[in-house]
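Values in this text are rule-based calculations from the coordinates and carry no lab data. Because the structure is a prediction, the values reported are computed rather than measured. Backbone-built Cβ (ideal geometry, glycine too); neighbour counts: all protein chains shown.
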Amino acid sequence: MDNFDPERSAREMRKMNRRIYRENIKKNQMYDELGLYLENSNDICDCLSMNCPGCHFPCTKCGSEKCGQECRCCRRYIFESIEIEGTKTVVQFPEEITPSFT
């Protein structure tokens, strides 16, 4: 305990990193720079399936197969539902995630 510096402890460093990370998030941003959903860091495909490994062509910006029409990195919107043309099928945003639309 002689060489313990409370300002350089692991706990304080985590706290500082969390603050720095939160400052980099833009207003109304739904996805981070890696394409993960900010609400709970889920890597959900744009087809709204939780178990999808990626069903789209690789993204030209990030290379992910989970990006649909536009890259998910730092995107400011999510798809609430998808209506499949020619059928009456509507895929809703997964209830396990429950986004907070504010």
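Remind me, relative contact order of segment 27-102 in percent, using alpha carbon pairs under 8 angstrom and six or more residues apart?
Relative contact order of segment 27-102: 30 percent.
Give the long-range amide H neighbours of Gly54: residues separated by 5 or more places, or on another chain, with amide H under 5 Å away, using H modelled in the peptide plane at 1.01 Å from N.
For Gly54, whose amide H was placed from the backbone, there are no distant partners under 5 Å.
Toward the positive end of the charge dipole of segment 27-102, about the Cα centre and with charges on Cβ (Lys, Arg +1; Asp, Glu -1), which of Leu34, Leu48, Phe93 goes farthest?
The Cα lying farthest towards the positive end belongs to Leu34.
Counting only Cα, what are the radius of gyration and maximum Cα-Cα distance Dmax of segment 27-102, in Å?
When restricted to the Cα atoms of segment 27-102, Rg and Dmax are 12.2, 37 Å.
Using the Cα centre of segment 46-93 as the reference point, and only Cβ charges (+1 on K/R, -1 on D/E), how large is the resulting charge dipole? Debye, rounded to the nearest 20.
The calculated dipole for segment 46-93 is roughly 200 debye.
Residues with amide H under 5 Å of Leu38's amide H, sequence separation 5 or more or different chain, H placed in the peptide plane at 1.01 Å from N; which?
Residues meeting the criterion, in which the H sits 1.01 Å from N, are Tyr31, Asp32.
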